[in-house]
Amino acid sequence: NGHSIGTKRNPGGTCYDLSGLYLKVLEDLWEVDSGLNGDIKYISIDLSKAPGELTEGEKSAISYIFAKAHDKKCLQLSYEELIEQGYLKGDKPYYFEDGILFSIIDSMNAEEQYNGLRVIKFDAQKWRSGLGAYIFTDCTASWPQQGTWSDYNVGAHAIS
């Protein structure tokens, strides 16, 4: 089919098994600075800017599985949508009183190839307020030989 290792695609054209990788990233973020997770009802997950061309179905599945794993209500709203729909309290700076926002954002804007391996780069963060956030910056995931995205490296941790 003309594809070498590291370029396998789902039928819809998206990268294969990024869902598993992103669930791992979200779980790792959940574990760090766990005080941010206290007393919440909602988990909102914004994958609209995540690299890898996830389908809407994949985004929904990742969000639902992760929220369900932590027994929270699942939202798929961005920061702006949370403001528009009245979930955030306060008046600039806002805060998410009864929830937490997770987002994964492409930090490269283009796929790069290293020795024929596909690489994606992203930042991942959980946010509750301007003073309550934890960010993995400059994360890199590369396609291993066995064909699924299984692990990633975090460039740096940032706390606000």
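Values quoted throughout were computed directly from the atomic coordinates according to the rules given, and no laboratory measurement underlies them. This structure is a prediction, so every number in the text was calculated from the model and none was measured. Cβ sites come from the backbone with ideal geometry, for glycine too, and all protein chains shown count toward neighbours.
In this structure, the residue pairs whose Cα-Cα separation is over 22 Å, taken from LYS41/LYS68; LYS24/LYS92; LYS89/LYS121; LYS89/LYS126; LYS24/LYS73; LYS49/LYS121, are LYS24/LYS92; LYS89/LYS121. Each peptide in 88-101, 28-41, 122-135 gets a packing score, the mean of other Cβ atoms within 10 Å over its residues, and the list from highest to lowest is 122-135, 88-101, 28-41. Obtain the nm distance between the two label points defined at THR137 and GLU27 by a simple spin-label model: each point lies 7 Å from its Cα along the Cα-to-C-beta direction. Each label point lies 7 Å from its Cα, and together they span 2.7 nm.
Residues within the reach of a label modelled at GLU56 (point 7 angstrom out along Cα to beta-carbon, backbone nitrogen below 20 Å), restricted to the range 73-91, are 74-82, 85.
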